[in-house]
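Report on one structure; see the data block that follows.
The values are calculated or read from the model by the stated rules, or taken from the named source; none is laboratory data. The shown structure was predicted, so the numbers you read here are calculated from the model rather than taken from an experiment. Neighbour counts are summed over all protein chains in view; Cβ atoms, including those assigned to glycine, are modelled from backbone coordinates with ideal geometry.
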Amino acid sequence: MGLFDFLFNKKRYEGGIVDLKERYRVDEKSAYDGVPTVYYDILKHDSEEKVGTIDLRLTVEGDMYYYGHIGYNIQRSHRGHHYAYYACKVLFDIAKDEFGMKELIITCSPENIASYKTLKKLGGELIELKKVPKGHPLYTLGETSKYIFRYKISL
């Protein structure tokens, strides 16, 4: 793969409502937190209109448990269309097919009602409401607890 291919022909994963287009990958040596992660743009299906971003963390060991495997952000002007839900469904297939993952952890803060509804709609198991330790970076941002959901994605 040449530089042109790397820069302009990123992998695109199609869904029915949204597609995910890979932006870049960070290995554990390059990541500031030591967690290998793949970053994607969320695009309206069959277009280049970006509605948000989503990332897949390939591990949730230790303090990463509070972040979970998946983080997403939908642009304010595109909220209310369930794009996070559809993007997660596409990412579940990527996690299973490309990375061999069998389950995922996704978290949200209790105040984030939209994310909570998305995580419930995805059909995961609510494991717990967990207090974030005072020394954790999320705690310093005001996130004192997290709902922790588990999703079985194996065949």
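Here are the numbers for this structure:
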{"item": "Of all residues making up region 108-133, the number that are hydrophobic (A, V, I, L, M, F, W, C) and out of contact with any Leu (no Cβ under 9 Å at 6 or more places or on another chain)", "result": "5"}
{"item": "In region 117-146, the residues that are over 19 Å from the mean Cα position of the chain (by Cα), polar (S, T, N, Q) and part of a helix (DSSP H, G or I)", "result": "T140"}
{"item": "Search result, residues across region 44-62 that are in contact (Cβ under 8 Å) with a residue 12 or more places away in the chain, over 10 Å from V18 (Cα atoms) and out of contact with any helix residue (DSSP H, G or I) (no Cβ under 7 Å at 6 or more places or on another chain)", "result": "T53, D55, T59, V60"}
{"item": "Failed item, numbered, when S154 is tested on (1) crowded, with 17+ Cβ neighbours inside 10 Å; (2) in a loop (DSSP other than H, G, I, E, B)", "result": "(1)"}
{"item": "Qualifying strands (runs of 3 or more DSSP E) (wholly inside region 1-102; at least 2 residues being under 30 Å from L129 (Cβ atoms) and either among the acidic types (D, E) or within 12 Å of the chain's Cα centre (by Cα) (or both))", "result": "37-44, 50-57, 70-74"}
{"item": "Pair list, Cβ under 6 Å, 6 or more apart: region 91-104 residue in contact (Cβ under 8 Å) with a residue 40 or more places away in the chain and farther than 14 Å from D55 by Cα, other residue of a type in the set (S, T, N, Q) and surrounded by fewer than 18 Cβ atoms within 10 Å (Cβ to Cβ)", "result": "K102/S154"}
{"item": "Selected residue (criterion: surrounded by the fewest Cβ atoms within 10 Å (Cβ to Cβ)) from residues of region 68-86 that are small (G, A, S) and under 20 Å from L126 (Cα atoms)", "result": "G71"}
{"item": "Neighbours by Cβ (under 6 Å, 6+ apart or cross-chain): first from region 127-155, farther than 15 Å from I70 by Cβ; second of a type in the set (D, E) and part of a loop (DSSP other than H, G, I, E, B)", "result": "V132/E143"}
{"item": "All positions within region 59-93 that are touching a Leu at 6+ places or on another chain (Cβ under 7 Å) and over 26 Å from E143 (Cα atoms)", "result": "V90"}
{"item": "Single residue of region 105-133 satisfying the filter (surrounded by 19 or more Cβ atoms within 10 Å (Cβ to Cβ) and among the β-branched types (V, I, T)) that is farthest from D55 (Cα to Cα)", "result": "V132"}
{"item": "Hey, Y83 in contact (Cβ under 8 Å) with a residue 12 or more places away in the chain, of a type outside the set (V, I, T), out of contact with any helix residue (DSSP H, G or I) (no Cβ under 8 Å at 6 or more places or on another chain) and under 21 Å from E14 (Cβ atoms) or not", "result": "yes"}
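Condition check ((1) in contact with a Pro (Cβ under 9 Å, 6 or more places away or on another chain); (2) within 16 Å of K152 (Cα to Cα); (3) at pLDDT 95 or above) across all residues:
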position: H78; (1), (2), (3): no, no, yes
position: H82; (1), (2), (3): no, no, yes
position: M101; (1), (2), (3): no, yes, yes
position: A114; (1), (2), (3): no, no, yes
position: L119; (1), (2), (3): no, yes, yes
position: G124; (1), (2), (3): no, yes, no
position: K131; (1), (2), (3): no, no, yes
